[in-house]
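Input: a single structure, listed below in C-alpha cells.
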Amino acid sequence: MTETKDISRLSELQSTLGWLVLVQVALLMLTGLFSDGGYSGRIFGCAIAGYWLMVGWVGLRRRNALTKTDRVLIRSGFFGWLVVSFLVQISLEQF
C-alpha cells in the first residue's frame, strides 16, 4: 500500500501571506500612533523584519514541498518573532 504525502507549496499560501501583510502594516501604523518615542514601533518593525526573513528563507529552501512545521511557522510565526524581539529589546536595555 502506498501512502500519499500532503505536498504543500508556498504559492498555495498567497492569501494567508496577503492577510498577514495587511495585519502587519495595520499594526505598524497603529504603533506609530503611540506616544512612546518609537519603542513599540521598533519592536514591531524588528518582528516584521525577522518574520519576512524567515518566510524568505523557508521559501528559498522548500518552496515546492513545505512541511507541516513550515506551514505553522508561516501562518503564526509572526507572534513568535514578536515575543523574541520583545525579549531581545528588554535584554538590550540592561546594558
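The values are calculated or read from the model by the stated rules, or taken from the named source; none is laboratory data. Bear in mind that the values here come from a model prediction, so they are computed numbers and not experimental data. Glycine gets a Cβ as well: all are built from the backbone with ideal geometry, and neighbour counts include every protein chain shown.
Per-structure values
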item	result
Residues of region 25-57 that turn out to be under 12 Å from G77 (Cβ atoms) and surrounded by 12 or more Cβ atoms within 10 Å (Cβ to Cβ), as a count	7
Some residue of region 26-45 being out of contact with any Phe, Trp or Tyr (no Cβ under 6 Å at 6 or more places or on another chain), of a type in the set (A, V, I, L, M, F, W, C), farther than 26 Å from Q89 by Cα and touching a residue at least 12 places away in the same chain (Cβ under 8 Å)	no
Single residue of G38, G59, G18 found to be on the phi > 0 side of the Ramachandran plot and modelled with pLDDT under 90	G38
